[in-house]
Amino acid sequence: IEKFYALGNSAPSLVTRLQQLGLQMQSYQDAGQPSNFATAGKRDFGPRAGFAYRAGDGRKSFVIRGGYSVSFFPIPLFTFVDRMFTNTPTMATFNVNLNDSAQSPDGIPNYLLRAAPPIVMGVNSKNAVNLSIAQGINPGSAATSYFAKEQPDARVHSWNLTLEKDVTANIVARGRYLGNHTGHLEQYYEYNGSTPDYVWYMTTGEPTPTGLYSGVARRAFDQKVWGTIREYRKTGWSNFNGMEFELERRYSKGVGFQLSYVVGNTLGAGATWSPGVIPATNQFLPGSAPAGYNELNRFLNYQRDTEVPKHRVRWNWIADLPFGKGKPMGGNAGGILDKFIGGWQIAGMGNLRSNYFSLPTGNWNFTGQKVELYGYQCPIRNCTSGACQPGYLWWNGYIPPNQINSVDATGKPNGYMGVPANYRPAVTPLIPWGSTAMPANAPANTNLSQYWDTNNVWIKLKNGNVQRIGYNPGLHPWRNQYLPGIRQWGLDASLFKNVRFGERLNVRLNADFFNVLNAPGNPNSIGGEGFLATRTSGNAARTLQMGARITW
């Protein structure tokens, strides 16, 4: 521990205070851990196999290709290291705040409004912060993220089967089935979470704890010292299956292109860019979630990866412009004229992709009306801010009845205008606007209108008191549920040429156009009321970039 202090990794006052609360310090040998706290994967064997077979003769011939591989990749540890900096006891905040009554010389707040600052930065501030006193450290302040003992590298099984056929001398068509399974993706097991208020009231019938141990009394693993505890595990996985269709023209006679369409589904639990979290089951009402870790992980986290589109079309091309020597226009040009007008090419690439949006999980009264996806069929305006914004009613989310086609006393629109008469929300709050049905256990004198458009419930406790709280059993039926959003597309292009001067000097000129058609596209942000705003663009504005490169 002395070396720990000497390295500046902690302060004795902090460790002493934590030990007073019950924190124990021990070596890795005492904890039964390896010296580097993790056992790396030692079975990173990555075989690959493939085949190609040409069937038939002449025009009727085609090629079958297939392959299978196992590969491995280490996951960058920045996601873990970012959390490791905050581990107890390697992080704490010590400060001097003379405006705080607990630190001011006279015990009265706002000291610096009444006196000249006694500390001046760069003059006498070197030892202004006293590290010998650790304040504000209470049960639950300690937090840590640590490695599970086994840390295997992520493993990917990939496979594909491809059919290829020449359509003409320069055009080939391909159809491909491909898939992969990835295992050992990173996740966090957070097993010391505090029981949420609603679950606590429903399961115990008691008020929430108060006093010194209020921050730990409802935790699942330790009710004395520790707050958040997370174990970094490699228990995530993902699956992809899809089809790809491609048409390719090899560059010939001044033209070449590729056009492909991919349709597929990616589902998984855990990811290399955002580790999933598996909480303890005390986050949910008893019996509503599986008890086993693997079953709970699949139940909570196995879902569609919305970053991977279900549909994607991509294309690219290159073409010679018909100007200059030997071309249809200016074919007899030579010398300086050909260097100006000849040799120009145009190239570009574009893509069209589908998107998803997640169903909201804030409301709990399911009306029995099915979720309906309108897309661009119902143009409406959102006038709730006083200024009407154009958009679409994308799906039948919840619009409060008092905001449907509403106007103020002067006739000015102040709601969602243009909502069709047959609109019925698929979900509403437990107490929707205009409700008159008194909830169970609510006091008789309750003014229900102040709780309109909320999910409040009233729970009767064992001591006879009634606790009002927002309903949330921890598992919403619409969690991990996604619907098709807008389809976004873009196009980039470049005009360029190379001009040679002798054998040693080459000049390349180019004009690059990003979002060349200036297609705005709608953003994929669709609210719980079902409104898709078209006020802002989903794509950046057109950008033109001019360039010249000289090589010799």
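Residues in the range 160-176 that are out of contact with any Ser or Thr (no Cβ under 6 Å at 6 or more places or on another chain), of a type outside the set (A, V, I, L, M) and surrounded by fewer than 15 Cβ atoms within 10 Å (Cβ to Cβ): ASP166, THR168, GLY175.
For the range 160-191, a tally of residues being more than 27 Å from the chain's Cα centre (by Cα) and of a type outside the set (Lys, Arg) returns 15. The residue of the range 328-376 that is least open to solvent (accessible area, probe 1.4 Å), among those that are in contact with a strand residue (DSSP E or B) (Cβ under 7 Å, 6 or more places away or on another chain) and of a type in the set (Phe, Trp, Tyr), is PHE357. Exactly one residue out of ILE469, ILE399 is part of a strand (DSSP E or B), among the aliphatic types (A, V, I, L, M), touching an Asp or Glu at 6+ places or on another chain (Cβ under 7 Å) and surrounded by 12 or more Cβ atoms within 10 Å (Cβ to Cβ): that is ILE469.
When THR436 is tested against the conditions (1) at pLDDT below 95; (2) closer than 30 Å to ASN355 by Cβ; (3) polar (S, T, N, Q), the lone failure is (2). Residues in the range 204-224 that are open to solvent by 70 Å² or more (accessible area, probe 1.4 Å) and under 33 Å from the mean Cα position of the chain (by Cα): PHE221, GLN223.
Summed over the range 52-63, residues that are under 48 Å from the mean Cα position of the chain (by Cα), surrounded by 10 or more Cβ atoms within 10 Å (Cβ to Cβ) and without any contact (Cβ under 8 Å) to a residue 40 or more places away in the chain total 3. Filtering PRO443, PRO425, PRO379 for residues that are out of contact with any Leu (no Cβ under 7 Å at 6 or more places or on another chain), open to solvent by less than 50 Å² (accessible area, probe 1.4 Å) and not small (Gly, Ala, Ser) leaves a single hit, PRO425. Residues that are open to solvent by 10 Å² or more (accessible area, probe 1.4 Å) and of a type in the set (A, V, I, L, M, F, W, C) were ranked within the range 382-393; the one that is farthest from PRO484 (Cα to Cα) is ALA387. Pairs linking a residue in the range 146-171 that is farther than 23 Å from TYR232 by Cβ to a residue that is among the acidic types (Asp, Glu) and assigned to a loop (DSSP other than H, G, I, E, B), with Cβ atoms under 7 Å and 6 or more positions apart or on different chains, do not occur.
Search the range 308-360 for residues being assigned to a strand (DSSP E or B) and free of Cβ contacts under 8 Å to residues at least 24 places away in the same chain, and hand back the single one that is farthest from ARG487 (Cα to Cα).
Checking each candidate, the answer is MET329.
Has the range 471-492 got any residue that is within 30 Å of ILE459 (Cα to Cα), polar (S, T, N, Q) and more than 21 Å from the chain's Cα centre (by Cα)? Yes, the range 471-492 contains a residue that is within 30 Å of ILE459 (Cα to Cα), polar (S, T, N, Q) and more than 21 Å from the chain's Cα centre (by Cα). Looking only at the range 290-311, residues that are open to solvent by less than 70 Å² (accessible area, probe 1.4 Å) and charged (D, E, K, R) come to 3 in all.
Scanning the range 75-105 for residues that are assigned to a loop (DSSP other than H, G, I, E, B), surrounded by 12 or more Cβ atoms within 10 Å (Cβ to Cβ) and either touching a strand residue (DSSP E or B) at 6+ places or on another chain (Cβ under 8 Å) or without any contact (Cβ under 8 Å) to a residue 12 or more places away in the chain (or both) returns ILE75, LEU77, THR86, ASN87, THR88, PRO89, MET91, ASN97, ASP100, SER101, GLN103, SER104.
The listed residues are GLY193, GLY175, GLY179, GLY183, and the only one of them that is touching a strand residue (DSSP E or B) at 6+ places or on another chain (Cβ under 8 Å) and at pLDDT below 95 turns out to be GLY183. If you go through the range 32-51 and keep only what is farther than 30 Å from LEU163 by Cβ, surrounded by 10 or more Cβ atoms within 10 Å (Cβ to Cβ) and of a type in the set (Gly, Ala, Ser), you end up with ALA38, ALA40, GLY41.
Which members of the range 402-422 meet the condition of being under 30 Å from LEU483 (Cβ atoms), without any contact (Cβ under 8 Å) to a residue 24 or more places away in the chain, surrounded by 12 or more Cβ atoms within 10 Å (Cβ to Cβ) and hydrophobic (A, V, I, L, M, F, W, C)? Listed by number, the list holds a single entry, ILE404.
In the range 431-442, the residues that are more than 18 Å from VAL466 (Cα to Cα) and touching a residue at least 12 places away in the same chain (Cβ under 8 Å) never reach a residue that is open to solvent by 80 Å² or more (accessible area, probe 1.4 Å) and in a loop (DSSP other than H, G, I, E, B) with C-beta atoms less than 6 angstrom apart, at least six apart or across chains. The residue that is farthest from the chain's Cα centre (by Cα), among those in the range 127-159 that are open to solvent by 40 Å² or more (accessible area, probe 1.4 Å) and modelled with pLDDT of 95 or more, is TRP159.
The values are calculated or read from the model by the stated rules, or taken from the named source; none is laboratory data. Model, not experiment: these values are computed from the prediction. Virtual Cβ from ideal backbone geometry, glycine too; neighbours counted across all protein chains shown. In case anyone asks, the SASA skips ligands and DNA or RNA and just uses the protein heavy atoms, side chains included. Shrake-Rupley method; radii C 1.70, N 1.55, O 1.52, S 1.80 Å.
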